[in-house]
Amino acid sequence: LSAHYSCSLILNGTHEFGCKSYLNGNKGVLFWARSLEDLNYIQSDESQAGPYVLMIESSNLESLGYTWFSRIRSNVAGLLVYVNESNVDNLKFSEDTRCPNSNFDIYTDDPDYSNCKKNEWNKYGNGIRFFYWGIPAFLVVNETEVKILIDKCFMNHNYGTYGKSVKWPLCAAELTDFKLAAGDAERCIRRNEIDNIFTAEIYYCLPVQNWNVYAFLPQRSSEMLAKNHSVFMLMSRVDSFTIFEDLDYGSSAISSLLVILTVSEALGKDAHRIADLSAKNDRQLLLTLFSGESLDYIGSSRMVWEMMHNNFPAVDSMHSEALTTLSSLGFLLEVGDLTYSDDSLYMHIDPRSYQKYGFVKEKIDMTANALRKHSSSIQFISDKPLPPSSLHSFLKEDDSIPAIAITGYGSSFTNRFYNSFLDQPRFLNISEYKKTALDVANLLVKLSLRWLNNDVDVLDPPVINQTMFDIMTDCFLQWPNFNCTLFLQLSESLPPSWHDMALKALTAVPGRRTFTGLGPEYMILPSRVYSELLMFYFLGERVDSGANVTYKSCLEMNNTNPLQNCLFYQELFLYNTSDGNNYCICSPVKHSLARSPAFDIPGMMRAVVCYFYACVLICSIFNNNSIPRL
């Protein structure tokens, strides 16, 4: 089969979940299950022709559930999944749980709130991402190949034996997706270390990791410590997940990061006023994009851990900024999922801290009123728990920080494909999304300047560039391909060693956009890489230009800039300039490691209690291909 996507295997601190095959593949008779009733045949196996490779439509995969699957698992060699396009408009399919990230949220130890007792956020969640299937599974996307499997293999050869005696020959399938794995992340990491003592480097698994992107506005040198409660932190996530890791469009994550980028572009045009207000009132902005949030807040928990250990930003001999701790944070605001909005916006808070601290209530009420002043469609929800968001990582350690999440949903997710391979741009009403996202971006620009101005509105805040927003939206939400001119131009700013991988990510694997995985090819996560390059461009200053400017000459300027990094850019078409110049831009935008702190804390299993601890498995060193074939 030519067009397919394999199911990944992940280890956490206690067990493994996902898919894998035997070294030489799993073989079985193809069985097309059109309904759950058909699964009774596999369970009873009257013809004794098993094991079977089960072919199932994605809507039935949701209904299959782990309970049903456990009954037939001993007689199933593999799984082929396909999407029936005629049913997709009515399909509700989220691979996440009904209470995402509940093991590491602020309510974990609260018997009244834990596990979404007060409110179930993801009513379409089936949790299949966290099943241990123990067999290879593939998504088949070519409709012609789906038809061949059904008509020429199953109907021509196998259907006649359905419920009857076997009539040979039967049509079988072989699925190969071998992974080198141990029972949990700690054991697998230990195997890496032991084997590397005696041999060349062999890795069975690697930590799930990527980079967080952040920028302080304005920057401060290490001699100027951030004052308590002086930083307004604006954030969103850049990642999502699916069991089929190379088909991860992640529209829900893209919908929020586009807002942060649009706000960055507007604030970048007002750098002088930002610097003046900051100097006058001793306040700062911190814009952040987190990686790994879909897997129990990997990115945000890492940043919080670094803040608690006086290591954020990390000490750099060339670019040392003022340390920021949790006590430096004066307000947290997160942009959540804005897909499938009903023309309303919602402000969510943690009701426990809202009722517990008078000053938290005062700050939240003041901010909510400021937002409502500029938008009549935004609603304040104070009677429900805080929904899944990066805010949990911060409030777990200090619940006295005022915090608001702005989303496009109220009492539950409106995105029926949240964290799944179907969270694709083609199902969105793009014009409706653009209207919602622009409303949020305008609100946040005004709110950011208001914070710097000591909670007083400023006159003439910078205007959102709608043309810029449209260009970025059309690129990030392009479907099914990813051949965006803007991204191709931005790729020229990457180090030579990363450049080719970035182009490959755009062209060869256009569906791998928001999956936080392992290895160099996954570090080139398009949602993070191109967000970082755009934010860098928007918030930076051109310090050199001309045809003679090169990547190398620009990189050398890092040695003379005490706070900022410098990158090479070719002129982007964003501003419709045609001089063809190259530019060196120095910017406050940086990145920090997004990897669970559990990998850096002595005594890993003790760390698992506090932090998510995950590895993605590496394919066999003997067979790097994931192949389904008849």
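Brief remarks on what is shown
- Residue match in the stretch 57-76 (condition: among the hydroxyl-bearing types (Ser, Thr, Tyr), part of a loop (DSSP other than H, G, I, E, B) and within 31 Å of the chain's Cα centre (by Cα)): no
- Qualifying residue in the stretch 336-357 (condition: without any contact (Cβ under 8 Å) to a residue 24 or more places away in the chain and over 22 Å from Leu289 (Cβ atoms)): yes
- Check on Lys590, modelled with pLDDT under 90 and basic (Lys, Arg): no
- Only residues that are among the small types (Gly, Ala, Ser) and in contact with a strand residue (DSSP E or B) (Cβ under 6 Å, 6 or more places away or on another chain) were counted across the stretch 1-44, and they come to 7.
- Residue check for Arg71: basic (Lys, Arg), touching a helix residue (DSSP H, G or I) at 6+ places or on another chain (Cβ under 6 Å) and surrounded by fewer than 18 Cβ atoms within 10 Å (Cβ to Cβ): yes
- The lone exception for Ile56 - which of (1) touching a Lys or Arg at 6+ places or on another chain (Cβ under 8 Å); (2) closer than 25 Å to Leu247 by Cα it fails: (1)
- Test result for Gly299, assigned by TED's automatic domain parsing to the domain that holds Met235 and closer than 20 Å to Ala594 by Cα: yes
- Scope the stretch 521-547; condition of a type in the set (A, V, I, L, M), farther than 23 Å from Ser236 by Cα and either in the same structural domain as Tyr249 (by TED's automatic domain parsing) or not in a loop (DSSP other than H, G, I, E, B) (or both); matching residues: Val543
- Screening Val304 against (1) in contact with a helix residue (DSSP H, G or I) (Cβ under 7 Å, 6 or more places away or on another chain); (2) without any contact (Cβ under 8 Å) to a residue 40 or more places away in the chain leaves a single unmet condition, (2).
- Hits in the stretch 14-55 - residues which are closer than 11 Å to Gly78 by Cα and either among the polar types (S, T, N, Q) or in a strand (DSSP E or B) (or both): Ser21, Asn26, Lys27, Gly28, Val29, Leu30, Phe31, Tyr52, Val53, Leu54, Met55
- Options Thr97, Thr67: the member that is closer than 20 Å to Lys384 by Cβ and among the β-branched types (Val, Ile, Thr): Thr97
- Cβ separations smaller than 6 Å between residues 6+ apart or across chains give the following pairs from the stretch 162-176 residues that are modelled with pLDDT under 80 to residues that are among the hydroxyl-bearing types (Ser, Thr, Tyr): Val166/Ser47; Lys167/Thr161.
- Pro461 passes every criterion in (1) touching a strand residue (DSSP E or B) at 6+ places or on another chain (Cβ under 8 Å); (2) touching a residue at least 60 places away in the same chain (Cβ under 8 Å); (3) of a type outside the set (S, T, N, Q) apart from (1).
- Only a single item in (1) closer than 15 Å to Ser420 by Cα; (2) at pLDDT 90 or above; (3) crowded, with 16+ Cβ neighbours inside 10 Å is not met by Trp121, and it is number (1).
- The stretch 490-521 - residue that is modelled with pLDDT of 85 or more and basic (Lys, Arg) and, of those, surrounded by the most Cβ atoms within 10 Å (Cβ to Cβ): Arg513
- Scope the stretch 353-382; condition of a type in the set (Lys, Arg) and within 13 Å of Pro402 (Cβ to Cβ); matching residues: Lys356, Lys361, Lys363
- Enumeration of residues in the stretch 484-501 that are under 21 Å from Gln424 (Cα atoms) and without any contact (Cβ under 8 Å) to a residue 60 or more places away in the chain: Cys484, Phe487
- Any helices (runs of 4 or more DSSP H) falling wholly within the stretch 435-520 and containing at least 2 residues that are assigned by TED's automatic domain parsing to the domain that holds Thr407 and under 30 Å from Asp296 (Cβ atoms): 466-476
- Qualifying residue in the stretch 428-437 (condition: of a type in the set (Lys, Arg) and over 25 Å from Asn119 (Cα atoms)): yes
- Any chance Glu62 is farther than 21 Å from Val166 by Cα, surrounded by 18 or more Cβ atoms within 10 Å (Cβ to Cβ), acidic (Asp, Glu) and at pLDDT 85 or above: no
- Which listed residue is part of a loop (DSSP other than H, G, I, E, B) and either modelled with pLDDT under 90 or on the phi < 0 side of the Ramachandran plot (or both), from Phe599, Phe622: Phe622
- In the set Ser301, Ser294, only one residue is surrounded by 15 or more Cβ atoms within 10 Å (Cβ to Cβ), touching a Phe, Trp or Tyr at 6+ places or on another chain (Cβ under 8 Å), in a loop (DSSP other than H, G, I, E, B) and not β-branched (Val, Ile, Thr); that residue is Ser294.
- When Ser70, Ser86 are checked against the criterion of being of a type outside the set (Phe, Trp, Tyr) and closer than 24 Å to Ala3 by Cα, Ser86 stands alone in meeting it.
The values are calculated or read from the model by the stated rules, or taken from the named source; none is laboratory data. Bear in mind that the values here come from a model prediction, so they are computed numbers and not experimental data. Please note: Cβ atoms are built from the backbone with ideal geometry, for glycine as well, and neighbour counts cover all protein chains shown.
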